[in-house]
Amino acid sequence: MAGLSMSPAATAALKTSLPATALKTTSMTPAAAAKARATAQDFEAVFLNSMFNQMFGASTEGPFSGGHAASTWRSMLTDEYAKTFAKNGGIGIADKVYGELIALQEARGKR
């Protein structure tokens, strides 16, 4: 994919690991918030991996188009795609899951 590049602003936006409001509205420690964020990203990666496996599973064309080795390679490729997508902003699932994790932690803290 030579010739494709992102603006510095877009790159910075993709590298943002926590929503701007996350630490402002919670009494969680930064370490706990980072752990919750990582858990949310992992959840989104699992979902995306399932989606990508369905999307690429039916594909039988291309240089890796058959046999046991191709299916093994394809599963590793979709796993890496999913992790990369989730790490770079994903499709928004991680943000929602993260918000719910924060809300649950806050609710537990008020008991």
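The values are calculated or read from the model by the stated rules, or taken from the named source; none is laboratory data. Source: prediction; values computed, not measured. Glycine also receives a Cβ, built like all others from the backbone with ideal geometry; neighbour counts cover every protein chain displayed.
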Legend entry - Failed criterion for ALA31 (all others in (1) part of a helix (DSSP H, G or I); (2) of a type in the set (A, V, I, L, M, F, W, C); (3) more than 16 Å from the chain's Cα centre (by Cα); (4) modelled with pLDDT under 85 hold): (4)
Legend entry - Filtered residues of region 48-104 (kept if assigned to a loop (DSSP other than H, G, I, E, B) and either at pLDDT below 85 or touching a Gly at 6+ places or on another chain (Cβ under 6 Å) (or both)): ALA58, SER59, THR60, GLU61, GLY62, PRO63, PHE64, SER65, GLY66
Inset, instruction - Take region 73-97 and flag every residue that is crowded, with 16+ Cβ neighbours inside 10 Å, in contact (Cβ under 8 Å) with a residue 40 or more places away in the chain and closer than 11 Å to PHE47 by Cβ. - result: PHE85, ALA86, GLY90, ILE93, ALA94, VAL97
